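What follows is a short report on a single structure.
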Amino acid sequence: MQASEDWLIGCSSAEEEVARLLSCLGINQRLEDLGLQLLCRTSPEGVLDVYAATEATVRTVLGLPKGLRSSATSIGVHIARLRRGRLTPLLGLCSLLTRYRLRPRQGCVVVKARGEKLFLYGRDVLSESIATYRPMPRGRCRHYPVLVVNELMEPLGWGRPRRGRDSIYIENILDAGWYLRSGV
């Protein structure tokens, strides 16, 4: 990130997309209802990184002098990226869902133990490993990935439903095992 970049508050396009994703998942709460605010930062490539932080943290950050504020590389939890109007949820959003015990009613896939293991290794979830599949509602929700959870309803990552020859499978987009595989 370049030093000239600054943290923004009130990034309305990101707020709308995150709220729409939560609604598509059947979660009736907004992050603002939980005492969180969104901070956004634009990269030189035009990608909008979306972070969630407590109101106190946001007040503190915005109270810093601009030069000092722009030198921060991360604030709060990195929950999504917005590129060309399309939201990509990240693992940070999975963490918030777990922390605030927000359980999706739709737009999620419950995987069996073997499917969980393979998904966390970066593999796709085949139909025999799917315990329950509740698709996204029709309309604007279809372009979002589905949340992949284990049988205890713990979020594992994000996937995209795909049709095979005679069954459905879930293409792995991002999983919690990525942290271990990436070496971060």
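The values are calculated or read from the model by the stated rules, or taken from the named source; none is laboratory data. Note that this is a predicted model, so its numbers are computed, not measured. Counting neighbours? That spans all protein chains shown, and the Cβs are built from the backbone with ideal geometry, glycine included. What goes into the accessible areas is simple: the full protein's heavy atoms, side chains included, and nothing from ligands, DNA or RNA. Shrake-Rupley method; radii C 1.70, N 1.55, O 1.52, S 1.80 Å.
Here are some notes:
- Restricting the stretch 1-93 to trypsin sites (Lys or Arg not before Pro) that sit in a DSSP loop and have at most 11 other Cβ atoms within 10 Å of their own Cβ leaves Arg84.
- In the frame of its principal axes, the stretch 11-143 has Cα extents of 55, 30, 29 Å, reported largest first.
- Rg [Å, one decimal], Dmax [Å, integer] - the stretch 108-182, C-alpha atoms: 11.6, 35
- Accessible surface of Ser71 - all protein chains present, 1.4 Å probe, nearest 10 Å²: 70
- For Leu34 and Arg134, the difference between the fully extended length at 0.36 nm per residue and the C-alpha to C-alpha distance is 33.5 nm.
- Considering only alpha-carbon pairs that sit under 8 angstrom and 6 or more positions apart, the relative contact order computed for the chain is 18 percent.
- Dipole magnitude (debye, nearest 20) for the chain, charges at Cβ of Lys, Arg, Asp, Glu: 480
- Modelled label positions at Leu68 and Arg162, each set 7 Å beyond Cα in the direction of Cβ, lie 4.9 nm from each other.
- Across the chain: Cys residues that no other cysteine approaches within a C-beta distance under 4.7 Å: Cys94, Cys108
- Think of the stretch 7-100 as having a plus end and a minus end, set by charges on the Cβ of Lys, Arg, Asp and Glu; of Gly76, Leu34, Leu97, Gly76 sits farthest toward the positive end of this dipole.
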